[in-house]
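Scroll down for the structure; my scribbles are underneath it.
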Amino acid sequence: MDVWNAAILSAIALALTAWAVVLHRRDPKFTLPASLGAIGMSAAAAVVLVGTHAQTATGVLFYGFALGAIASSYLVVTARHPVHGALWLLVAMACLGGIMILLEAPYLATAYVLVFAAAALVFYLSSVTMVELPDKPAPDLWISRYTVTALAGLASFVLVCVFISELPATAEGESLSRSMAIGGATQLDAASAETSAGSTADATASIGHLLLGEYFLPFLAVALLLVTAIVGGVYLAHYEAPADTRYR
Amino acid sequence: MIPATHVLVLASALFFLSLTGLLIRRNVLVMLLCIELMLGSVALVFVALAEVHGGLRGQVVGLFVLAIAVAQIGIGLAMLMLLYRRRGELNPTSWERLKDW
């Protein structure tokens, strides 16, 4: 791990901690400079990252998607209105899908964007219309929210350090654009982009073979989980609350 | 050229940002969104490590994570609507006394 990586990581951790502390200080006099500082710090880290590591279009795309994902998830967390949060979650999921495409998982990226954009968010938004949103400030937590945010920032830094120390030695300097597909060697560089369609189909077929072969039992368990969710949802929807406890 | 470390750093940053949101926010709708983001960042870790170690097993586990996220938001929203009908607000601290029901 070189010096640049350490600087970038500490900048990200500091930015996260600053963001977290800012979250519920709604006073604009405090929030605006701190938010600008945190955003500027992460932008500087992103510029350093792009300058040192992004020699290719893949790298530039990755850091753009990463910045978009972090910024939009920050907006999800701080959204005053749940609908705004849901729409920013859509942006964050689109950025995650883009990163997954760059990591040669186009099938998973498609599934994520489709499921979250088409299914989950529509369900979510239709649920938001059925509740009356509060407009008074929420009460405090059981411990200070500054303690919580400081712990979260510290934990993120520790986790990052653990990730770096636990990575296999070959992964440290190597690029992820190397090919890994089981169904055949793929190379997602710009030079061989025309061959990636066929190998993507191979990778998808391999995922299907893995799902119905080696991972058949977990696959069945997930199917059972989904059936349970459906039955539970139907049961909850049909449940009639007693008249004296019902709201209005 | 994407170093694996940077993908993992991004995933952990997303995870702890949304974990912070889950701990801080007192609106169950936003807390559900934060859980979705946490699951998404975990799926990103699986995809990145599938690339590092070769093979597609990480992507298969990512699909399982997706299914769990969908089941979670479905059941979570159904429970939320039911609790809202009882208590009339979205603050989870008002739902602490489940034994009263």
Kindly check whether there is at least one residue in the stretch B:90-100 that is crowded, with 21+ Cβ neighbours inside 10 Å and at the interface with chain A (Cβ under 7 Å from one of its Cβ atoms).
yes
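A quick yes/no check of all residues on (1) over 21 Å from B:Ile75 (Cα atoms); (2) at the interface with chain B (Cβ under 10 Å from one of its Cβ atoms); (3) at pLDDT below 90; (4) loosely packed, with under 12 Cβ neighbours inside 10 Å:
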position: A:Leu211; (1), (2), (3), (4): yes, yes, yes, no
position: A:Leu220; (1), (2), (3), (4): no, no, no, yes
position: A:Leu225; (1), (2), (3), (4): no, yes, no, no
position: A:Val234; (1), (2), (3), (4): no, yes, yes, yes
Out of (1) in contact with a helix residue (DSSP H, G or I) (Cβ under 8 Å, 6 or more places away or on another chain); (2) closer than 23 Å to B:Val28 by Cα, what's the single condition that is false for A:Ile101?
(2)
Output the residue which, of all residues in the stretch A:44-88 that are at pLDDT below 85 and in contact with a Gly (Cβ under 6 Å, 6 or more places away or on another chain), is nearest to B:Ser12 (Cα to Cα).
A:Val77
Looking at the stretch A:79-108, which of the residues that are assigned to a loop (DSSP other than H, G, I, E, B) and not basic (Lys, Arg) is nearest to B:Thr5 (Cα to Cα)?
A:Leu103
Scanning the stretch A:124-159 residue by residue, those at pLDDT 70 or above and among the acidic types (Asp, Glu) turn out to be A:Glu132
Would you mind stating whether B:Val28 is more than 7 Å from chain A (Cβ to nearest Cβ), surrounded by fewer than 23 Cβ atoms within 10 Å (Cβ to Cβ) and farther than 20 Å from A:Ser127 by Cβ?
no
Out of everything in the stretch B:42-66 that is modelled with pLDDT of 90 or more and more than 8 Å from every other protein chain (Cβ to nearest Cβ), what residue ends up being surrounded by the fewest Cβ atoms within 10 Å (Cβ to Cβ)?
B:Val42
Among the residues in the stretch A:84-105, are any out of contact with any Leu (no Cβ under 7 Å at 6 or more places or on another chain) and farther than 23 Å from B:Gly62 by Cα?
yes
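The values are calculated or read from the model by the stated rules, or taken from the named source; none is laboratory data. Everything numeric here is computed off the predicted structure, so don't read it as measured data. Glycine also receives a Cβ, built like all others from the backbone with ideal geometry; neighbour counts cover every protein chain displayed.
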